[in-house]
Structures are given as C-alpha cells and as structure tokens.
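Q: Input: one structure, supplied below.
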Amino acid sequence: MTLPLIARLDTKLDQLAARGLQRRRRTTESPCAPQVQVDGRTMLAFCSNDYLGLAAHPQVIEALREGASRYGAGSGASHLISGHAHAHAQLEDLLAAFMQPDIAAARALYFCTGYMANLAVLSAMADRDTDLFCEQFNHASLIDGARLSRASVQIYPHGDVDQLALQLATSKASNKIVVTDSVFSMDGDVAPLAALLALCEQHDAWLLVDDAHGFGVLGEHGRGALEHCAVRSQRVIYMGTLGKAAGVAGAFIAAHESVIEWLVQRARPYIYSTAAPPALAHALLTSLAIIAGPEGQRRRAHLTRLIADFRAGLRLQQWQLMPSHTPIQPVIIGTNDATMSAAGSLYAAGLWVGAIRPPTVPVGTGRLRITLSAAHTQDEVTQLVAALNGLAA
Ligand SMILES: *Cc1c(COP(=O)(O)O)cnc(C)c1O
C-alpha cells in the first residue's frame, strides 16, 4: 500500500511527465571537456559553462592537488569560527586587486556557490524598508534572494531601462537596489549596464550585477561585464562565479569595503555555513592567474572566433538563433516536445546540447542552449553547425 502522501507526490510527478517537463540527469565519467564520456559513450558536448576550458586544465588540477596536500580535504568550520584559511584570504586579496579598476577600494568575499552569494547579498543588503528593482530574466538565485530579504520587489521588463526609470522615480524607499544578470544565462545577451548605472546614480541606488557568465569571458582582461561595459563605480555590488569560466567552484562578491564588512557581519548564508575546502581557493589562485594573463587572452580570442564561426555557419529555417555575442548561443525551438526531440536527434548523432524548458524560460520558448568553450576546436564547431543545419533543413 502506497502511503497517501506519497501517492499525492507521485500524481504531481506524473503530471510533470505528461506536460513534457520531466528532467533527467546524465552521468559523466570523464572530466568536463568537449569530448566527454556519458553513460558509457563518447559525446561531443556543447552544454557546459566551462567557457575557457579551465575545468580540466593541467595546471589547475595540479594546484588543486597541491592545495589538498597543504590544507587537507575540508575546512572544518564556518569562516567566522575557524574555517577561514590562508588560501581563502589570498584568493580574496587577489580578486579584490583584480577588480580594483572597476570598483575602487574594493574588497572581495569568497562563497561556496553563486547561489549562496546571491542569497547572502540580497538578504543582508535589503530589508523591509528597501525597494528592489529586478530584471525580468534574472537568475533563480536572485529571485530567491529577493524573497528571503522580505523587501518589496518590482520587476521591470527585459532590457527596459525606461520602465525601470519610471519605477525608480516613484519609489519612496530609503534604500534602493537595482538587481540584474549581466549576461542572461538562457539568452546570452548583455544588460545595458552603463544605462542602469546612470539611473542608479540619479536615484541614489545600488546596482547589483550577477556576472556568472561574464567573469573571465568578457573584457580584454577577463574582468567581465563591468570591464566590457566600461562601468566603474563604488555603488556597484559585483557577483562573479568561479565554477564557470574559472573552472573550479564557488563565487565572490566584490564591492566597496564597507559592503563586504557588512556581509561578514550580517549575511546569514555566509555566516552559518561551513567554509569551502581551502584547496578550491588554492586552485583558484592558478585559475585566476591564467584568466588575467596572456593565456587567458589567447583563450578569449579563440572563443570569440568560435562564436563568429558558429553564427556565420548556421542556416536555420524554422528555428531562431538568438542575437547573442557571448558563448551562450541559444536556438529557440518552441514547444517542449519539439525542443526535446531536437536535442534527442542531436544526441543520437553524438552531440550533447542542453534542452531548456519552462519554468527556466517562458512557455513556448523551449530552446537548445548551446554553449561554446575555448576548449572546442573549429572542427568541432563545424560538426555542430552541420548537424543543426541538417536537422533544421
Ligand atoms: C550559475 C549561476 C548562478 C549560481 O552560481 P553557482 O556557483 O553555480 O551556484 C547565479 N547566477 C547566474 C546568472 C548563474 O548562471
């Protein structure tokens, strides 16, 4: 006999499946790379966020080993108790120095994940007397952080600076924060950060920028969306993730030193959680050195070329390629079934791309989320283009 409460849950699971919304995980058996072993098969993958190909970089792997030898496996406690290791401190200093051109007097704070960093910054910087102005396509972690803060939330339409200006003008709140992704994770386009900052200056608001997909990738030096958009201000609170282009794990907030000090004092997701293994921070020292150095520049240049090749080669009839110049190159298919069927055909041909459905994207805009990496070769991109053109013909 199934317990009634389990039967109710099973009914909901069946409903998801009936609507084409069931998700499944595939199990990989090799490092994150273009050629990856999945369920016993070698696939050519275009679905990771390892934009610079650092997740399996020999120097980064070696640094992780060295970090484990030096610091052990785990940190043993939260940062404010005894878990804050020398490697964490070194990483924060390096990140602060790196972001200095965009945020003067910046300090940086390292978090276990970007999800946690967003919960931390929103719950600590916003309260009941705060108005949050959130972009429509913001990442789930920003939405959840806004909920946790108990601030009042206004959503402005995607990219609509005029609507945001109206909302800001009517706000009576003493504390205002404009919250946006820089590179939209399911669309690949870039927020108009310079225009957003101008509005924030006019209305004395903070600008919280989630640069999960820009850090390491955008800007000549890889500092991300702020560098790319030439945005420089102490009212910017910057969140960069370190599990995507940086190839390891975690995230950081870079902001004016007073903001960081407030987070250390008040951000519950930071305070009440065990510090990430110091070995990860140690590995990130190497990964940051690569991002900031000539190898990072070479990798970004190669990636830019792959993006151009991909866009120039596609000949889609019924599908739509989004106008993106970042490594996120979504192809809009439409219904859930059509999206799954397109991804399935590619998979059968040995090509692994992400299939994204609601609620991650609006209903009717199911898409293949194709991501390119500096680890891909031009030949590999050509293979993907040929397969897509074949399917869409
Ligand atoms: C991935 C992502 C996050 C979360 O970062 P994690 O380190 O993976 O938890 C936050 N914001 C955006 C826009 C992301 O794409």
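The values are calculated or read from the model by the stated rules, or taken from the named source; none is laboratory data. Just so you know, these numbers come straight off a predicted model, no measurement behind them. In this analysis, Cβ positions are derived from the backbone assuming ideal geometry, glycine residues included, and neighbour counts consider all displayed protein chains. The area values use the complete protein model at the heavy-atom level, side chains included, leaving out ligands, DNA and RNA. Shrake-Rupley method; radii C 1.70, N 1.55, O 1.52, S 1.80 Å.
Q: Return the pairs, sorted by first residue and then second, in which the second residue is assigned to a helix (DSSP H, G or I), the first residue lies in region 190-214 and is over 29 Å from Q329 (Cβ atoms), the beta carbons are less than 7 Å apart, and the residues are 6+ apart or on different chains.
A: Filtered contacts from region 190-214: L199/V161; L199/L164; L199/A165; L199/L168; H203/L168; A205/L168; W206/M125; W206/C200.
Q: Scan region 362-393 for residues that are open to solvent by 10 Å² or more (accessible area, probe 1.4 Å) and in contact with a Lys or Arg (Cβ under 7 Å, 6 or more places away or on another chain) and report the count.
A: Total meeting the criteria: 2.
Q: Give just the number: which of (1) within 15 Å of the ligand (Cβ to nearest atom); (2) outside any loop (DSSP other than H, G, I, E, B) does F137 not satisfy?
A: Going through (1) within 15 Å of the ligand (Cβ to nearest atom); (2) outside any loop (DSSP other than H, G, I, E, B) one by one, F137 breaks only (2).
Q: Just give me the residues in region 201-217 being out of contact with any helix residue (DSSP H, G or I) (no Cβ under 8 Å at 6 or more places or on another chain) and either away from the ligand (no atom under 16 Å from the Cβ) or modelled with pLDDT under 95 (or both), in sequence order.
A: E201, D204 - these are the residues of region 201-217 that are out of contact with any helix residue (DSSP H, G or I) (no Cβ under 8 Å at 6 or more places or on another chain) and either away from the ligand (no atom under 16 Å from the Cβ) or modelled with pLDDT under 95 (or both).
Q: Determine if region 121-134 includes at least one residue that is in a helix (DSSP H, G or I), in contact with a strand residue (DSSP E or B) (Cβ under 9 Å, 6 or more places away or on another chain) and charged (D, E, K, R).
A: No: region 121-134 contains no residue that is in a helix (DSSP H, G or I), in contact with a strand residue (DSSP E or B) (Cβ under 9 Å, 6 or more places away or on another chain) and charged (D, E, K, R).
Q: Of the conditions (1) open to solvent by 20 Å² or more (accessible area, probe 1.4 Å); (2) within 24 Å of D102 (Cβ to Cβ), D144 satisfies every one except a single condition; which number is it?
A: (2)
Q: Here is a further query. Looking at L285, L306 in this structure, which one is open to solvent by less than 60 Å² (accessible area, probe 1.4 Å) and within 30 Å of H86 (Cβ to Cβ)?
A: L285
Q: Any residue that is under 30 Å from R357 (Cα atoms), within 16 Å of the ligand (Cβ to nearest atom), modelled with pLDDT of 95 or more and touching a Phe, Trp or Tyr at 6+ places or on another chain (Cβ under 8 Å) - is there at least one of those in region 30-40?
A: No: zero hits.
Q: Could you count how many residues in region 85-99 are within 14 Å of G240 (Cβ to Cβ) and either of a type in the set (D, E) or not in a helix (DSSP H, G or I) (or both)?
A: 1
Q: Among (1) more than 23 Å from E227 (Cβ to Cβ); (2) within 15 Å of the ligand (Cβ to nearest atom); (3) out of contact with any Ser or Thr (no Cβ under 7 Å at 6 or more places or on another chain); (4) small (G, A, S), there is one condition S185 misses while meeting the rest; what is its number?
A: Only one criterion in (1) more than 23 Å from E227 (Cβ to Cβ); (2) within 15 Å of the ligand (Cβ to nearest atom); (3) out of contact with any Ser or Thr (no Cβ under 7 Å at 6 or more places or on another chain); (4) small (G, A, S) is unmet by S185, namely (1).
Q: I'd like to verify a number: residues in region 165-187 that are open to solvent by 10 Å² or more (accessible area, probe 1.4 Å) and farther than 30 Å from S48 by Cβ, how many?
A: Looking only at that region, the number is 11.
Q: Mind checking which helices (runs of 4 or more DSSP H) fall wholly inside region 223-320 and carry at least 3 residues that are away from the ligand (no atom under 16 Å from the Cβ) and either out of contact with any Cys (no Cβ under 8 Å at 6 or more places or on another chain) or among the hydrophobic types (A, V, I, L, M, F, W, C) (or both)?
A: 257-266, 278-292, 294-313
Q: Check P359 against each of (1) surrounded by fewer than 22 Cβ atoms within 10 Å (Cβ to Cβ); (2) under 19 Å from the mean Cα position of the chain (by Cα); (3) modelled with pLDDT of 95 or more and name the one condition it does not meet.
A: Result: P359 passes all but (3).
Q: Counting just the residues of region 81-113 that are within 16 Å of the ligand (Cβ to nearest atom) and open to solvent by 10 Å² or more (accessible area, probe 1.4 Å), which one comes out nearest to Y270 (Cα to Cα)?
A: By that ranking, first place goes to C112.
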